[in-house]
Amino acid sequence: MPVTQTLRNGAWRVVELLTTPVVPADYLDVIAPLRNPDVLRARIEAVRPETAKSVTLELRPGRNWQPHQPGQYVRLGVDVDGVRLWRAYSVSSAAGRPGGTFTVTVNAVADGVVSSYLLNHARRGMILTLDLPTGDFVLPARRPGKALFVTAGSGITPVMGMLRTAAHELPDAVVVHSARTEEDVVFGSELRDLHRQGKIRLIERHTGADGRLKPADLSELVPDLFERETWACGPGEMLDALTEHWADAGAEDRLHVERFRPTVLVAGDGGTVAFERSGISTEAPAGVTVLDAGEAAGQLMPSGCRMGICFKCVLPMREGIVRDVRDGSVTTVTELDEPVLIQTCISAAAGPCRLDA
Amino acid sequence: MTTLQRKDVNPIAHLTPEDIEAIGRELDAIRDEFIAKRGEKDATYIRNMIKVQRRLEVGSRAVLLFSLFPPAWIIGTLGLSISKILENMEIGHNILHGQYDFMRDPKIHSTTWEWDSASPAEQWKHSHNELHHKYTNVIGRDNDLGYGIMRVDEQQKWVPAHLGQPLYNFINAIFFEYGIAAYDLELGRNLKTKKRRSNPAFRAALRQVGRKIRKQAAKDYLVHPLLSVPVGLAFGNPLGAFLGTLSANAVASVVRNLWSHSVIMCGHFPKGVETFERTSITGETRGEWYLRQMLGSANISGSKLMHIMTGNLSHQIEHHLFPDLPASRYAEIAPRVRELFEKYDLNYVSGPLVVQVASAWSKVFRLALPNRKPANDIDHSIPPRPAPAETVAA
Ligand code: FES
């Protein structure tokens, strides 16, 4: 219908004129932040403690949300002390819940700025920024006859999403889960219930008493483990060991792992600055600004005042760590963050940096 | 700082170079302290300010649907004026300074914010953040100083055209947003020669301003007035409704222009504020840059409401020292800065709005006439500058 289409576009342009220089949704944000078509947000509908150090957030996503597949994760943008930081959390609820909400379960990690903030400050009604679900750590549409889940600590979260969605469709599922103590097992009672009902075979391991689980122990606990389609999620060393074990047995295609990279960046002095689009990369010593280092390396750099007041020199940093040469304050951007615009004229590398330029 | 040295009383004669560097270090320490404090409080402040402004604007515009009726016209115009002032001063100006970039919220960021003004944010950032804030009060470098049309210092050469400067200044005040757009474009300079007129960078910037003005004008003088027509029809006076809203929007824009012009004039014009010679800033140290900001700016004293309505530019001195710190912190910073002025025996220029506005205007009038005493020898030529680059970001 080109005529109605044209009319509608015309009408919309008039509405946009009403609100220029901003867009209509910016006014709507004041009353209905979830309705913004350009910014995906979520409202916390409920906060439920799981263990002493973990909490489940029930989230109502805003417009343009796409439902997740069990096992996938979402990135959440959380404003901690006024600064938006992004972290990835597995969706722990079953797929296709009525009402459109979903849950993530957050485990406080040592020095985890965002996780401890959510543990202590998440409240009903709070608005978070959100990204669409991603990740290929998922169950196939044709459910496997024999399944194995090996998880440790918060690694149970994506698996819980899978079990809640599909436990009844898995004829033979074994869950091997390690946690420090019995009380530390996230979703402990729900897992034990599933075990009692015969939906899964749960093997719980308490590393505080029994020590870390080794791949060799696994073969004892689950003798037919290489015949099983396996999903593993937990600390890096555990996943490395499992990957090796499965590769040795020639069963690597059966193992699916989900890694949550540690996102700890430690400020040092100087670092390699890589300009990704031009392919230029240069060693920037401590105290030399990214602007100077880039120019010296032949990178075309925007600039203005060169003293930190005009903001004309900003470039997006995808990942890395820089120090403000005036006050020493440090800005870190992890792979999970949205790129952060840094003022190159007053920022010196404090570690390797990747810039989108 | 040669200009100061040629004055009858040099305000910094008592400072040694070491003193000046010490002042720089003390100011850096204050900055560090407030950078460390920056956080949730500031984020909440600006978000709430945006919320308040948007509600006020929508509310006022709703009232103005009934602009046919004088009480509605008065209330709506008043609300819209306040909303436009907040939008320009406390929100737009400060966000465009990068004061809230630390929040990493792409919606409230100096690179994405666009404001309710004839001047596109991007152009304004160049002329204001870069030229004015770096070259504060340097004659021939800082266009804010007299906007290139006025004589602002006794030591500038007088020509008969200066006789008209009170009038120019008044007209500039009324159409201030267009004046700013013109001076961001460096219109006078760029229209002078055919070569400059046809420079593609200048033409692109001109088109950008044209687009912005068209949209702004369509909003205030066409679309919103048209929206009141149905109410007008219901009461048998559609033309009255249209004109009512149109005039309300025009008045609100002029009120905003007069207000921001006054506030901005108070920032660098009142008695006691120094100006600097172009040659005085070559090889300037950080301490000297800070000192120039201290001597080149003036504050307005008043209530909290007053500070909010000026976008905290009432704390012009603090703003010029720390242009990228959240403006709502300037009130906390001010006593510390003032102490520093006292410690080093410098003149902290501050006064109530009326006094400062009167002082600035009297300077405009005084300098419209030639000096009684001959001026000291000062280089007030406009420095040659390379032609603007061929490209301009869209
Ligand atoms: S060049 Fe002006 S802030 Fe970096």
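The values are calculated or read from the model by the stated rules, or taken from the named source; none is laboratory data. The model shown is predicted, which means the values in this text are computed figures rather than measured ones. Counting neighbours? That spans all protein chains shown, and the Cβs are built from the backbone with ideal geometry, glycine included. These area figures cover heavy atoms from the full protein model, side chains too; ligands, DNA and RNA do not enter into them. Shrake-Rupley method; radii C 1.70, N 1.55, O 1.52, S 1.80 Å.
Computed quantities for the displayed model
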{"item": "Net charge dipole size for the protein assembly as shown [Lys, Arg +1 and Asp, Glu -1 on Cβ; Debye, nearest 20]", "result": "3280"}
{"item": "Cα-based shape type of segment A:271-355, given that a ≥ b ≥ c are square roots of the gyration tensor eigenvalues and the cut on a/c is 1.5", "result": "rounded"}
{"item": "Calculated from backbone phi, Karplus (6.51, -1.76, 1.60) coupling profile of segment B:83-97 in Hz, x at Gly/Pro", "result": "4, 5, 5, 4, 4, 6, 8, 7, 9, x, 3, 6, 5, 5, 7"}
{"item": "Under 5 Å, built H, 5+ apart or other chain: amide partners of A:Ile280", "result": "A:Phe275"}
{"item": "Dipole-positive endmost among B:Ile35, B:Leu78, B:Val52 within segment B:35-78 (Cβ charges, Cα centre)", "result": "B:Ile35"}
{"item": "Positive-end extreme of charge dipole, the protein assembly as shown - chosen from B:Thr282, A:Pro140, A:Val150 (charges on Cβ)", "result": "B:Thr282"}
{"item": "Within segment A:147-258: Cβ-based charge dipole about Cα centre, in debye rounded to nearest 20 (Lys, Arg +1; Asp, Glu -1)", "result": "360"}
{"item": "Helix-derived mean residue ellipticity, 222 nm - over the protein assembly as shown, DSSP H n ≥ 4, -39500 (n - 2.57), to 500", "result": "-12500 deg cm²/dmol"}
{"item": "Most mobile of A:Ala173, A:Ala152, A:Ala247 in a GNM of chain A (Cα contacts under 10 Å)", "result": "A:Ala247"}
{"item": "Cα-projected label distance for B:Glu40 with A:Asp240, points at 7 Å along beta-carbon direction, nm", "result": "3.7"}
{"item": "Theoretical FRET efficiency, 1/(1+(r/R0)^6), r = Cβ-Cβ of B:Val355 and A:Asp131, R0 60 Å, to 0.05", "result": "0.65"}
{"item": "Spatial separation of Cα centroids for segment A:77-141 and segment B:23-77, in angstrom", "result": "31"}
{"item": "Among B:Gly179, B:Gly39, B:Gly351, residue whose mean-square fluctuation peaks in a GNM of chain B (springs only between Cα atoms under 10 Å)", "result": "B:Gly39"}
{"item": "Most positive-pole-ward Cα, B:His268, B:Thr245, B:Asn299, against dipole of segment B:233-323 from beta carbon charges", "result": "B:Thr245"}
{"item": "Hz values of 3J(HN,Hα) by residue in segment B:333-342 - Karplus curve (6.51, -1.76, 1.60), Gly and Pro given as x", "result": "7, 3, x, 5, 5, 4, 4, 5, 4, 5"}
{"item": "Total accessible area lost when B and A pair, probe 1.4 Å, Å² to nearest 100", "result": "3400"}
{"item": "Charge dipole magnitude, Cβ of K and R +1, D and E -1 - segment B:20-104, Cα centre, debye nearest 20", "result": "520"}
{"item": "Spin-label model distance (nm) - B:Leu163 vs A:Glu204, 7 Å beyond Cα toward Cβ", "result": "9.7"}
{"item": "Computed label-point distance, nm, for sites B:His126 and A:Arg35 using a 7 Å Cα→Cβ extension", "result": "3.9"}
{"item": "Sites B:Ala13 and A:Asp356 - FRET efficiency at Förster radius 45 Å, r taken between beta-carbons, to 0.05", "result": "0.35"}
{"item": "Backbone HN-Hα couplings from phi across segment B:44-61 [Karplus 6.51/-1.76/1.60, Hz, Gly and Pro as x]", "result": "5, 4, 5, 4, 5, 4, 5, 4, 4, 4, 5, 5, 4, 5, 4, x, 5, 5"}
